[in-house]
Amino acid sequence: MKNISASIVSIGTEILLGEIVNTNSQYLSVELAKLGIDVYEHHTVGDNRQRLLDYFQEALKKYDMVIATGGLGPTIDDISKETACEFFGMELVIDENSLENLREIFKRFGRTMTDNNIKQAMFPKNAVILKNGAGSAPGCILEKNGKRIILLPGPPNEMKLMFDKEVVPYLLKLTDSVLYSEVIKMCGIGESAMEEMVLDIIESSVNPTIAPYAKTGECRLRVTAKAESIDKASELVKPVVKKLVERLGDNVYTVGDDTLAQTVAKMLADMKVTISGAESCTGGMVASMFVDCPGISEVFKESFVTYSNDSKIRNLGVSLETLEKYGAVSEQCAKEMAEGSARKSGSDVAYSITGIAGPDGGSELKPVGTVCFGLYIRGMTVTHTMRFYGDRTIIRTRASIYVLDMLRRELLKFGTH
């Protein structure tokens, strides 16, 4: 199988200044991987002709192609196309079809086309011109001596549409292999413990390859195979995924794209179980995760954000005695919060979270990151306490993921009774 190597460059000083978040490189890497094209580098270069020339020089010494985004507009700092043509020694000339398309775009929006827009219609005679279905700047593909530069617009909506409609068919003619991946997602286990459980499988697997990585509150294994078709690559991946899932057991919450919240939402829907929640330090984060799930209205009744002690008493019926004796951050309070949420909403299941997200408010007995959880399931309440590390956002995120995984595991037990 023929391997094609690539480097991705995002062009624009505004990216280097942090004014724009660069999502283009991530998108292109994912899509190029599906085509079996190996991406080895990501770069960002400002609107500087010499630095961009230097980048093209170095990248195309090592790789077969460069995919560039940005710098195709009409202004003086839009230099991507001009610099790529200079690198290849190609002359820019007006492409009449592109110029006419530009005029039509301006006419459609009732705007006057200024002279500097003409540069967007200039290309080398042998360029592959890429139509822009969402903007005014066409892209292009330049090729010389087996090396290619693919120039795409910077705005993500324009770039994605152009890549999907114009570039993918072109690239499919160049490669005779594709990559296929499946992702195993886990909670309740650390990355090192996960790797130890399956290290022999990872080390013995060549095609597919197995890549472990972690995200906040969970860890994952990506299983990827290369073959001449998606079907054949899938045949290589699936038995390895099956073996890994069997080894990792109930730490696995899904294989695929579903989030943990989506997985739990589907379990609730399948079991016809309704749910409500009571959150303090997470401030409704779990409820927001649930609301992101399509169809959640079938099972999700309501959520109480009870940040103050007074709110816990008024809305959930937490007793003043409990708060005075054990404090708001306690399993006793979490238990009463969960039970109060279920009682108030009439739900079958209710979760609760109360903790210290920081950066202040901790003590020697209850340091920052201490979070207590409650889970009520049809008459039974379980509680647990965890200590999380990180800043305020990370602690709140970890706590939200933890209670979802706690709920998932309890539902697994509940479903077997």
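Things worth noting here:
- Scanning region 226-264 for residues that are under 17 Å from MET197 (Cα atoms) and in contact (Cβ under 8 Å) with a residue 12 or more places away in the chain turns up VAL240, VAL241, LYS243, LEU244, VAL245, ARG247, LEU248, ASP250, ASN251, VAL252, TYR253.
- Filtered residues of region 99-125 (kept if surrounded by fewer than 16 Cβ atoms within 10 Å (Cβ to Cβ) and among the basic types (Lys, Arg)): ARG103, LYS107, ARG108, ARG111, LYS125
- Hey, GLY18 open to solvent by 10 Å² or more (accessible area, probe 1.4 Å), on the phi > 0 side of the Ramachandran plot and out of contact with any Ser or Thr (no Cβ under 9 Å at 6 or more places or on another chain) or not: yes
- Test: VAL66 is part of a strand (DSSP E or B) and over 17 Å from PRO155 (Cα atoms): yes
- Hits in region 7-40 (condition: in a strand (DSSP E or B) and under 18 Å from THR83 (Cβ atoms)): SER7, ILE8, VAL9, SER10, ILE11
- Just one of the listed residues (VAL223, VAL198) is in a strand (DSSP E or B) and within 24 Å of ARG408 (Cβ to Cβ), namely VAL223.
- In the set (1) open to solvent by 60 Å² or more (accessible area, probe 1.4 Å); (2) touching a residue at least 24 places away in the same chain (Cβ under 8 Å), LYS413 fails one condition alone, (2).
- Residue in region 159-176 that is part of a loop (DSSP other than H, G, I, E, B) and under 30 Å from GLN262 (Cβ atoms) present: no
- Qualifying position, being free of Cβ contacts under 8 Å to residues at least 60 places away in the same chain, open to solvent by 10 Å² or more (accessible area, probe 1.4 Å) and under 26 Å from GLN262 (Cβ atoms), among SER308, SER319, SER303, SER345: SER303
- Flag for VAL183 being part of a helix (DSSP H, G or I) and either over 21 Å from the mean Cα position of the chain (by Cα) or in contact (Cβ under 8 Å) with a residue 60 or more places away in the chain (or both): no
- For region 256-263, the criterion of being more than 24 Å from LYS344 (Cβ to Cβ), modelled with pLDDT of 95 or more and touching a helix residue (DSSP H, G or I) at 6+ places or on another chain (Cβ under 6 Å) is satisfied by at least one residue.
- Test: THR274 is within 23 Å of PHE388 (Cβ to Cβ), in contact with a helix residue (DSSP H, G or I) (Cβ under 8 Å, 6 or more places away or on another chain) and either aromatic (Phe, Trp, Tyr) or modelled with pLDDT of 95 or more (or both): no
- Only one of LEU52, LEU35, LEU60 that is of a type in the set (A, V, I, L, M) and modelled with pLDDT under 95: LEU35
- Residue that is farthest from ILE141 (Cα to Cα), among those in region 73-112 that are of a type in the set (S, T, N, Q) and in a helix (DSSP H, G or I): ASN101
- Options LEU404, LEU375, LEU316, LEU323: the member that is more than 21 Å from MET285 (Cβ to Cβ), aliphatic (A, V, I, L, M) and modelled with pLDDT of 95 or more: LEU323
- Flag if SER192 is of a type in the set (Gly, Ala, Ser), closer than 18 Å to VAL30 by Cα and either in a helix (DSSP H, G or I) or over 25 Å from the mean Cα position of the chain (by Cα) (or both): no
- Residues (open to solvent by 40 Å² or more (accessible area, probe 1.4 Å) and either at positive phi or not β-branched (Val, Ile, Thr) (or both)) located in region 42-58: HIS42, HIS43, ASP47, ASN48, ARG49, GLN50, ARG51, ASP54, GLN57, GLU58
- Residue that is among the aliphatic types (A, V, I, L, M) and either open to solvent by 40 Å² or more (accessible area, probe 1.4 Å) or farther than 17 Å from LEU268 by Cα (or both), where the choices are LEU365, LEU404: LEU365
- Single residue of region 256-290 satisfying the filter (more than 29 Å from GLN332 (Cβ to Cβ) and under 18 Å from the mean Cα position of the chain (by Cα)) that is most open to solvent (accessible area, probe 1.4 Å): ASP257
The values are calculated or read from the model by the stated rules, or taken from the named source; none is laboratory data. Values in this document were obtained by computation on a predicted structure and should not be read as measured data. When we count neighbours, we look across all protein chains shown, and the Cβ atoms used for this are built from the backbone with ideal geometry, even at glycine. For the accessible areas, the whole protein counts, side chains as well, though only heavy atoms, and no ligand, DNA or RNA atoms are used. Shrake-Rupley method; radii C 1.70, N 1.55, O 1.52, S 1.80 Å.
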